[in-house]
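The values are calculated or read from the model by the stated rules, or taken from the named source; none is laboratory data. This one's a predicted model, so the numbers in the text were calculated from it and none came from an experiment. Note: ideal-geometry Cβ built from the backbone for every residue, glycine included; neighbour counts use all protein chains shown. Accessible surface is based on the protein model in full, side chains and every heavy atom, while ligands, DNA and RNA are left aside. Shrake-Rupley method; radii C 1.70, N 1.55, O 1.52, S 1.80 Å.
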Amino acid sequence: MAAEEHSPAIVLRTRDYLESDRIVTLITRDFGRLSGIARGAKVSRRRFERRLEPFSHVMLRFRRRPHGELMFIVRAEAEGLESFLLEHDLARIAMGSYALELCEALTPEADDASDVYTLLVEALRTLERAGAGAALRQAFEMHLLAACGLALDFARCRLCGAPAALTAHPLAFVTERGGIACARCRPAAGDAAVLLPGSDAAALAALSCAQLAQAPSLAAAGRAGAHALSRFIAASAGRRLRSVEFLERVAGQTAP
Amino acid sequence: MAENQIKRASGLPAAMTGLVQELMHLPGVGEKTAARLAFHLLNRPREEVIALAEALLEMKERVGLCGQCFALAEGAVCRVCDDPARERDIICVVEGPADLMALERARAFNGLYHVLHGALAPLDGVGPDDLRIAELLNRLRSQSSPVREVIIATNATVEGEATALYLARALKPLGVKATRLARGLPAGGDLEYSDSATLTSALGGRREI
């Protein structure tokens, strides 16, 4: 039998399996993104304390299986780890779900993801404290992209490397390059570029540098900036995230 | 995938391979279990197998959804909606038919139900339009006698909470009182052995005595 390993982890996703089991995906501090099967998770309060739910912050104890991608989850306990109370607010749930899905989409399985784990803890903590807002969403998106090696750059033109003047004209955000093109390089960027007001580029630049906890007090980029980010994320993840529609519906406060 | 399954089950006669594949569509049934079930059926008396086949067909032909509450029903409306002894001014909203059955077993509720057929699950792309939420709101708007209370009895999970919060928001403009099932210690439960999440909920939901 494989040795038991453990790490702090945040539950990203769960799905029921058979009568009482659950298949759970987590982002761990020490082993990256892992998926495992928790036998009897729906009934065992002793081993799982009913903590295998999205947003749960747990000390994960697991064993690897010799042949198979899914590990065996032995226990998942609070062990004094910080918990995040999001369930009383729909906007927090929507934003938190989006953050979880984004982490799952951008983090390769079993890769080192300690930065992503730390970032997600900080994001959920800030979300609980300050609520869901566009600035926090955009800051988290850019911090996560950076943690996954996909950092956006608003300081320099991505084509020629010249310093960018963010306040002047509308800038072109080039999705394929993950940054902006200066006025001189804009024709070379092609029609696919998203036109970005200087104020949006400046807001995104500020949010990408700020501590996540400070993001809610900063200005968010407007519609064009948000659109540029969404396009880049969809291109990086290879798909549009499922939670986006719900997040935007809740943010728009549209009830049937 | 299907081709793989055929290959793996190639040792069986074609009629059994077909049955194994059909059984594998059932939740939680893999190839081994499906093959075991197929062998079991093969060894049962013919009448027993015919009775099973007929029961399946009869269920499929006769059971549908209640036109009012979307619970399982044989006919246009279910037994609960058809029962004149039920209180018609209180509706309990549940995620699925199994939840309705659990509440009925408890015999603690004498109102009507509304079955959503799921819960909001942003991570799985299940949104409000995928549930029977619009039907609930239409039902409340068009009810001949006004409904005084809607009890939201979705599960105590993230999805269940999201659904409850969404419903509470949607019900507000209709002026209907929305309540949520309490969360806390189970009957007969020891405080000492309760997990921290349950204790937090129980403390939050405490009431004056």
- Task: Let me know the mean shielding of B:157-168 by other chains, meaning the per-residue number of their Cβ atoms within 10 Å of its Cβ.
- Result: 5
- Kindly sort A:Thr118, A:Thr14, B:Thr163 by accessible area of their heavy atoms, largest first, with the probe set to 1.4 Å. A:Thr118, A:Thr14, B:Thr163
- Tilt of helix A:90-106 relative to the longest C-alpha principal axis of chain A, in degrees (0 to 90, nearest 10)? 90
- Item | Choice from B:Arg148, B:Arg105, B:Arg132 showing the highest fluctuation, given a GNM over chain B with Cα pairs closer than 10 Å | B:Arg105
- Item | Spatial separation of Cα centroids for the range B:171-209 and the range A:1-74, in angstrom | 27
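Ignore the peptide's own chain and count Cβ atoms of other chains within 10 Å of each Cβ in A:87-100; give me the average, rounded.
Working: counts 9, 3, 3, 9, 1, 2, 9, 5, 1, 3, 8, 2, 0, 3.
The mean count of partner-chain Cβ atoms within 10 Å per residue comes to 4.
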- Message: What's the magnitude of the charge dipole for the range A:73-123 around its Cα centre, counting Lys and Arg as +1 and Asp and Glu as -1 at the beta-carbon? Answer in Debye, nearest 20.
- Response: 180
- Averaged over residues of B:127-138, the number of beta carbons from other chains lying within 10 Å of each residue's Cβ is 2
- Note on the structure: Projecting the Cα atoms of A:Ala9, A:His57, A:Ser44 onto the charge dipole of the range A:1-71, where Lys and Arg contribute +1 and Asp and Glu -1 at Cβ, the residue farthest towards the positive end is A:Ser44
- Task: Please list, in chain and number order, the residues 5+ apart from A:Leu12 or on another chain whose amide H is under 5 Å from its amide H, with Hs placed from the backbone.
- Result: A:Thr25, A:Leu26, A:Ile27
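Quick one: putting +1 on the C-beta of Lys and Arg, -1 on the C-beta of Asp and Glu, what dipole do you get for the range B:143-209 around its Cα centre, in Debye to the nearest 20? Display every interim value, and only then the final one.
Working: 8 positive and 7 negative charges, 99 e Å.
Once rounded to the nearest 20, the dipole reads 480 debye.
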- Item | Summed side-chain charge close to B:Ala51 - residues other than B:Ala51 whose Cβ falls under 13 Å, Lys, Arg +1, Asp, Glu -1 | -2
- Using only Cα atoms, tell me the angle between helix B:133-142 and the longest principal axis of chain B; keep it within 0 to 90° and round to the nearest 10. 50
- Message: Percent of Cα-Cα pairs more than 12 Å apart in the range B:3-62, please.
- Response: 69
- With a sphere of radius 12 Å drawn around the Cβ of A:Ala251, what net charge do the other residues whose Cβ falls strictly inside it have (Lys, Arg +1; Asp, Glu -1)? +1
- Which residue fluctuates the most in chain A, going by a Gaussian network model with Cα springs under 10 Å, if the choices are A:Arg65, A:Arg156, A:Arg240? A:Arg65
- Task: Take chain A, connect every pair of alpha-carbon atoms lying under 10 Å apart with a spring to form a Gaussian network, then pick out the residue of A:Ser20, A:Ser83, A:Ser35 with the largest mean-square fluctuation.
- Result: A:Ser20
- Considering only DSSP beta bridges with both partners in the protein assembly as shown, what is the antiparallel share in %, to the nearest 5? 70
- Item | DSSP-defined antiparallel bridges as percent of all bridges, chain B, nearest 5 | 20
- Kirkwood Rh and Cα Rg combined as Rg/Rh, the protein assembly as shown: 1.02
- Residue span A:Met59 to A:Asp112: 0.36 nm per residue of separation minus Cα-Cα distance leaves a gain in nm of 17.3 nm
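Determine the relative contact order of chain A: mean sequence separation of Cα pairs under 8 Å and six or more apart, normalised by residue count, in whole percent.
Values: 483 pairs, mean separation 40.1, N = 256.
In percent, rounded to a whole number, it is 16.
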- Express the accessible area of the range B:3-62 per residue in Å², computed with a 1.4 Å probe while the remaining protein chains stay in the model. 79
- Task: Grab the beta carbon distance between A:Ala219 and A:Ala192, set R0 = 22 Å, and tell me the FRET efficiency rounded to 0.05.
- Result: 0.25
- Can you work out the FRET efficiency for the pair A:Glu176 and B:Arg206, with r the C-beta to C-beta distance and R0 = 51 Å, to the nearest 0.05? 0.35
- How large is the dipole of chain B about the Cα centre if only Lys and Arg carry +1 and Asp and Glu carry -1, each at its Cβ, rounded to the nearest 20 debye? 300
- Item | Neighbour net charge for B:Cys78 - beta-carbon separation under 15 angstrom, K R +1, D E -1 | 0
- Query: At a Förster distance of 22 Å, what's the computed FRET efficiency of B:Glu192 paired with A:Leu81, Cβ-Cβ distance as r, to 0.05?
  - Reply: 0.55
- For the Cα atoms of chain A, what angle does the longest principal axis make with the long axis of helix A:198-209, in degrees from 0 to 90, nearest 10? 40
- Task: Return the carbon/sulfur percentage of the accessible area of the protein assembly as shown, one whole number, probe 1.4 Å, all protein chains in place.
- Result: 53
- Message: If packing is taken as the average count of other Cβ atoms within 10 Å, what order do B:59-67, A:88-96 fall into, highest mean first?
- Response: A:88-96, B:59-67
- Query: Applying the Karplus parametrisation 6.51 cos²θ - 1.76 cosθ + 1.60 with θ = phi - 60° to the phi angles of the range A:51-60, what ³J(HN,Hα) value in whole Hz is obtained for each residue in order, glycine and proline being reported as x?
  - Reply: 9, 9, 10, x, 5, 5, 10, 10, 8, 8
